[in-house]
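The values are calculated or read from the model by the stated rules, or taken from the named source; none is laboratory data. These figures come from a predicted structure and were not determined experimentally. Here the Cβ positions follow ideal geometry from the backbone for every residue, glycine too, while neighbour counts run over all protein chains shown. Heavy atoms of the whole protein, side chains included, go into the accessibility calculation; ligands, DNA and RNA do not. Shrake-Rupley method; radii C 1.70, N 1.55, O 1.52, S 1.80 Å.
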Amino acid sequence: MRPLCAPGYTGRKRGEIVRTRTVVAQAHSYQGLGSFGNRGNGRYRKELHQALATITRYLTASHLPKEHALLRLDGQYGTGAVLADMADFAFVTRGKDYTVLDHPLVQARLQLPPDQSQQRPESQIVRSLSDCPAVPIGSEGVSCRVIVATHPEGKQKSSVGVTRAGVVYELFLTTLPQQGFTACDVVEVYLHRGAFEPALSDEDDELDPDRWCSHSAWGQECWQVVAQWVWNEAPGIGASAATHPCARDRICSRSLAAQ
C-alpha cells in the first residue's frame, strides 16, 4: 500500500498510515464536482488549485460568472499563504492563525461592544461577534475581513478556537462585503448553510468511497470518481422514484448501485 498511503495524522492518534482526499461539493445540492487524493495528509494546496480549476470549468460550462460563486473552505485553509491562492473567488473559511488576535486593529475592535450575537436553536453556545473589515493576514499581508466570535469557556475544553482568560476565540475569514452580509450571516454560512460534514457522512454510509479497492493510486482515484458519479445520480433517481408506480423497485436499484 506504500504507493497509496503514507504516515499521517488524523487527529485521533499518531503513527497511522493514511490517504487523504479533498472533495468539492455544491452546498445547495450536495452533488460532487471533484475528488483529489494523495498520500498521507495530502497536498492540500495543490489539491486546492485543482479544485479551483474544476469550479472554474463548472462555472464556465454553466454560463455563470465567478462573482456568483461562494467558496466555503475547511479551517485547514485559513492562513494568509493559502488565501493568496484563491484567484479572486469570494470565500468563507475558519481562520487557524490565532496570532491575528494580537493585531492592533483586532485588539482595538475587541475593546468595543460586539456587533451581533449568534445562536442556533440546537446549541447552547451564544457567540458574540466582532466584525473587523480589513485585517492583513499572515506574512503575505492578504487583506481580509475577520469575524471574531467569542463565548465563555465551558466545562469541557473547546475543540475549536483558542482559549484565553476563560474566553474561547474563533476566527472566521471572508471577502464578503459588510454591505451585503452581516457578521452573523458569515458565521451562519460557515457553520450551517455551507457545512458539508453531514453530506460527507451520508456519502460514507451510502457509497463507502474511502474503501480500499485498488493497489494503484490511479485505480483508487477512479473508484472515488465513480462513487461520486453514483452519488450525484442518487437525488435524481430518488425524485423520480417518489412519483413512479414502481417506486420500491427504483429505490432498491439505487441501493444496489450505491453498493
Practice task
Kindly indicate which of 72, 19, 2 is over 18 Å from residue 225 (Cβ atoms), among the charged types (D, E, K, R) and in contact with a helix residue (DSSP H, G or I) (Cβ under 9 Å, 6 or more places away or on another chain).
Solution key: 72
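For the stretch 181-190, indicate whether the set of residues that are of a type in the set (D, E, K, R) and either surrounded by fewer than 18 Cβ atoms within 10 Å (Cβ to Cβ) or farther than 18 Å from residue 113 by Cα (or both) is non-empty.
Checked against the condition, which is being of a type in the set (D, E, K, R) and either surrounded by fewer than 18 Cβ atoms within 10 Å (Cβ to Cβ) or farther than 18 Å from residue 113 by Cα (or both), the stretch 181-190 yields at least one hit.
Out of all the residues in the stretch 98-124, which are assigned to a loop (DSSP other than H, G, I, E, B) and either modelled with pLDDT of 90 or more or open to solvent by 60 Å² or more (accessible area, probe 1.4 Å) (or both)? Spell out how you get there, then give the answer.
So the first thing to find is which residues in the stretch 98-124 are assigned to a loop (DSSP other than H, G, I, E, B), and the list is 103, 111-115, 119-124.
Scanning the stretch 98-124 gives 103, 111, 112, 113, 114, 115, 119, 120, 121, 122, 124.
Yes/no per residue for (1) closer than 14 Å to residue 176 by Cα; (2) open to solvent by 20 Å² or more (accessible area, probe 1.4 Å); (3) at pLDDT 90 or above:
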residue: 60; (1), (2), (3): no, yes, yes
residue: 72; (1), (2), (3): yes, yes, yes
residue: 75; (1), (2), (3): no, no, no
residue: 79; (1), (2), (3): no, yes, no
residue: 83; (1), (2), (3): yes, no, no
residue: 86; (1), (2), (3): yes, no, no
residue: 91; (1), (2), (3): yes, no, yes
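Of all residues in the stretch 36-58, count the ones that are open to solvent by 50 Å² or more (accessible area, probe 1.4 Å) and either over 19 Å from residue 20 (Cβ atoms) or outside any loop (DSSP other than H, G, I, E, B) (or both). Walk me through it before giving the result.
From the stretch 36-58, those open to solvent by 50 Å² or more (accessible area, probe 1.4 Å) are 39, 41, 43-46, 49-50, 56-58; that's our starting set.
This time we only want the ones that are either over 19 Å from residue 20 (Cβ atoms) or outside any loop (DSSP other than H, G, I, E, B) (or both), so: 39, 44-46, 49-50, 56-58.
Summing the residues that are open to solvent by 50 Å² or more (accessible area, probe 1.4 Å) and either over 19 Å from residue 20 (Cβ atoms) or outside any loop (DSSP other than H, G, I, E, B) (or both) in the stretch 36-58 gives 9.
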Exercise for the section: Report whether or not residue 21 is modelled with pLDDT under 85, basic (Lys, Arg) and under 25 Å from residue 214 (Cα atoms). Expected result: yes
Exercise for the section: Run down 158, 128 and say which single residue is at pLDDT below 90, of a type in the set (Gly, Ala, Ser), surrounded by 13 or more Cβ atoms within 10 Å (Cβ to Cβ) and not in a helix (DSSP H, G or I). Expected result: 158
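For the structure I just gave you, tell me whether residue 163 is modelled with pLDDT of 75 or more, more than 20 Å from the chain's Cα centre (by Cα) and within 19 Å of residue 96 (Cα to Cα). Spell out the reasoning first.
Values: modelled with pLDDT of 75 or more: yes; more than 20 Å from the chain's Cα centre (by Cα): yes; within 19 Å of residue 96 (Cα to Cα): yes.
Against the criterion (modelled with pLDDT of 75 or more, more than 20 Å from the chain's Cα centre (by Cα) and within 19 Å of residue 96 (Cα to Cα)), residue 163 qualifies.
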Completion exercise
Here the residues within the stretch 202-233 that are open to solvent by 40 Å² or more (accessible area, probe 1.4 Å), in contact (Cβ under 8 Å) with a residue 24 or more places away in the chain and under 15 Å from residue 36 (Cβ atoms) are 210, 225
